[in-house]
Structure formats: C-alpha cells, structure tokens
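Trainee: Have a look at this one.
The values are calculated or read from the model by the stated rules, or taken from the named source; none is laboratory data. The structure presented is a predicted model; accordingly, all values stated were derived computationally and were not measured. Here the Cβ positions follow ideal geometry from the backbone for every residue, glycine too, while neighbour counts run over all protein chains shown. Please note that ligands, DNA and RNA were not included when accessible areas were found on the heavy atoms of the full protein model with its side chains. Shrake-Rupley method; radii C 1.70, N 1.55, O 1.52, S 1.80 Å.
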Amino acid sequence: MCIRDRVSTQSTGKLTVKPLQLELNPDIKSGIQAAVKKFNTLQNEVSLTTLDFSHFGKEEIKAWKVSPDAVCQLSYQNAFNFIHNFVAPTYESGNTKSFLRGRTETIRSATPASTALVKAVVKGSSDPELAQLLRDAAAAHSAVVKESLSGFGWDRHIFSMRNLNAKLGRPALSICNDPNYQQMLNILLSTSTLSSDACTKFGFGAVTTDGYGIGYGINDHSLHFTITNFKSNQIQGDVNLLSSAINDSLLRFKSLLSAHPARTPA
C-alpha cells in the first residue's frame, strides 16, 4: 500500500493522516527478537569512556608551531606504549575528496619518528631532547597525512588488488603473506576526528577484538575524546586507563612544547 493511500484531504483543506497498521508474522517477530538479543549482547560487551580536555586546543597548539592533529595522534601513541609497552598498528581516517569519487585513505600514524619519541619517554630522556623528538614526530605525521590525502597512500591500493585477485582466482600478492603486513592489518588503535562546535562528542567501536576506537574533536581551546574497546580483549586494555594516559601525555606535551620553542633557522 502506498503512503499516499493513507492520506486524504478533506473539503476544509486540512490534511488527515490515518495510522498505518503493521502486521508482523511469527518469522518477522522472531527475527526482531533475535536482533534485539544480539544488539544487547554486543552493547554489553563494549566499554566506553569520554575525556573532555580543556587545558588547550587548536589555537594553543598552532602557537607551538606543530599540527593539532599530530599532537592528538602522538598522545595516543605515547599512551598506548606506556600501558602496553609496544607500538600499536594505527589507523587514522583521511578523506580523499580532492579526487573524483574519492572517499578515504588510511593514515598510518605510527611512524619511526613517533616510535623514537615514545621510546625516549620511557627511557627518561631530557626535556630538550624530548621536545625535539616531539616536533620531529609531529612533522613526520604531517608529512604522512599529506601523502595519504594526495593519493600516495598504499592501504586502499593493496586492499583492492588483494580482493580483485581473490575474486578472479589469482594468487595473492606476495606482500599479503608477509607477517609484517598481516600484523599491520591488526589495527589496535582505530581513530577518526570530527571537529565542530556543533558536535562535542562522537565515537565508534574498536575494529579488532583487542583494539581501541578513538573518536576525537579538536576545538579552538579544547579537545574531546570518546574511547571504546571490548571487555573480552586479550591485552588487558582498559579505556579509563588509556584516557588517563592520553590526558597525561597531552599535559606533558604542553610542558615540552611551551618550554622549548621551535628552533629558528640560522
């Protein structure tokens, strides 16, 4: 029945809407009950916390001559390494809207420069050294972002080739069988940003059973994070512990960047 059949106009010109009664057969009712049960099970399996960070935001970070997004991403790297003592394969969503029908590309936020930074933090390096490593890591992150958004990312390309080969019955690319590549596909930090004064929080679930999902917003004078993971994770991940470590990392970064300004070219 068309919706128009349920609407009539009386002589007065007013619109009269008649309720549309849905008749659910036993199969549909059973399907709805199963879906509700599955949804509740999944919902109960997810841990979620939020962090409203008001100590600084985009404007303060830009005054330190580094990228606001880089500071956030490096705080995740430092926090994760502090808790779990290894560097996590990391996904950051980047848009490729500058290309026709462009959608997204993976920004690989874990870099050799970010690894050098988090290891130096654990080692207890001096503040001047950490400040320079932090600036180097931020610059490396900005370079990776630019490459990914300019069509030089590799994740989507290999993903397409891998699936086309499987569909056509062709042998897999040799890189797809490489253990390092397999490890990189196990995303333990899945991150995405949505920065708007109209949206203070957004989030999503982790993409692997042992990983975290981090939705974040970068406002002028504040930062906002929504952190999730699965309660059954095998790496003893804790969203509240990660939130606290991100908060501590950001405060440490502020101390380093404000006390040790960028070097002026000679």
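Trainee: Output yes when any residue across region 219-228 is among the hydroxyl-bearing types (Ser, Thr, Tyr) and farther than 20 Å from residue 56 by Cα, and no when none is. Walk me through it before giving the result.
Mentor: Kept after step one, since they are among the hydroxyl-bearing types (Ser, Thr, Tyr), are these residues of region 219-228: 222, 226, 228.
Pick out the ones that are also farther than 20 Å from residue 56 by Cα and you get 228.
Looking through region 219-228, at least one residue is among the hydroxyl-bearing types (Ser, Thr, Tyr) and farther than 20 Å from residue 56 by Cα.
Trainee: Sticking with this structure for a sec: Please state which of the following conditions residue 120 fails to meet, knowing it meets all the rest: (1) over 18 Å from the mean Cα position of the chain (by Cα); (2) over 18 Å from residue 67 (Cβ atoms); (3) open to solvent by 20 Å² or more (accessible area, probe 1.4 Å).
Mentor: Single failed check for residue 120: (3).
Trainee: If you don't mind, there's one more thing I want to ask. Would you confirm, using the coordinates I've provided, whether residue 13 is open to solvent by less than 90 Å² (accessible area, probe 1.4 Å) and at pLDDT below 95?
Mentor: Working: open to solvent by less than 90 Å² (accessible area, probe 1.4 Å): yes; at pLDDT below 95: yes.
So residue 13 passes the test.
Trainee: Take residue 38 and tell me if it is open to solvent by 70 Å² or more (accessible area, probe 1.4 Å), over 30 Å from residue 249 (Cα atoms) and at pLDDT 95 or above. Talk me through it step by step, then tell me what you get.
Mentor: Working: open to solvent by 70 Å² or more (accessible area, probe 1.4 Å): yes; over 30 Å from residue 249 (Cα atoms): yes; at pLDDT 95 or above: yes.
Spelling it out, residue 38 is indeed open to solvent by 70 Å² or more (accessible area, probe 1.4 Å), over 30 Å from residue 249 (Cα atoms) and at pLDDT 95 or above.
Trainee: Could you check how many residues of region 48-103 are part of a strand (DSSP E or B), more than 16 Å from residue 221 (Cβ to Cβ) and open to solvent by less than 10 Å² (accessible area, probe 1.4 Å)?
Mentor: First, pick out the residues of region 48-103 that are part of a strand (DSSP E or B): 48-53, 90-95.
Next, only the ones that are more than 16 Å from residue 221 (Cβ to Cβ) stay: 48-50, 90-95.
Next cut, open to solvent by less than 10 Å² (accessible area, probe 1.4 Å) only: 90, 92, 94.
Residues meeting the conditions: 3.
Trainee: Find all pairs meeting these conditions: Cβ atoms under 9 angstrom apart; at least six residues apart or on different chains; first residue within region 106-133 and free of Cβ contacts under 8 Å to residues at least 24 places away in the same chain; second residue acidic (Asp, Glu).
Mentor: These pairs meet every condition: 116/136; 120/129.
Trainee: Restricting to region 55-79, name every residue that is among the hydroxyl-bearing types (Ser, Thr, Tyr) and in contact with a strand residue (DSSP E or B) (Cβ under 8 Å, 6 or more places away or on another chain).
Mentor: Matches in region 55-79: 76 only.
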